[in-house]
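Input: a single structure, listed below in structure tokens.
Read the figures in this text as sums done on the coordinates, not as results from a lab. Only a predicted model underlies this, so the values are computations on that prediction, with no experimental measurement involved. Cβ: placed from backbone, ideal geometry, glycine included. Neighbour counts: every protein chain shown.
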Amino acid sequence: MKHFLNEPEKWVETDTLSRSLDLDISTVQRSVKKLHEKGILQRSQQNLDGGGYVFIYKIHSRNQIKNVILKIVQSWADRLGQELEQWENGG
């Protein structure tokens, strides 16, 4: 995340991240995929000249990330409220 936060406008390939962080490429790919699925990273397809493609990633705006986090926190609060209701009612 720090890599993306330091350069929020820069699109990055997973192999670049892998080399700069000294992590296995599959570890980086799993991580950025999860961050993309959670709405933290944007993903774009970059077509290669010789055929094929690679995905590139960059971080969403701070406002969008804030909204994702608030949604998660609200979900936790709702779930906690339901659990407390059940506990209070002896369930």
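Couple of notes before you dig in:
- Take every Cα pair under 8 Å whose residues are at least 6 apart in sequence, average their separation, divide by the length of the range 1-60, and the relative contact order is 40 percent.
- Modelled spin-label separation between residue 83 and residue 45, with each label point placed 7 Å from Cα along the Cα-to-Cβ direction: 4.1 nm.
- With an a/c value of 1.5 or above and a/b larger than b/c for the gyration tensor axes a ≥ b ≥ c computed over the alpha-carbon atoms, the chain is described as prolate.
- Approximate spin-label separation residue 70-residue 36, in nm, with each point projected 7 Å along Cα-to-Cβ: 2.7 nm
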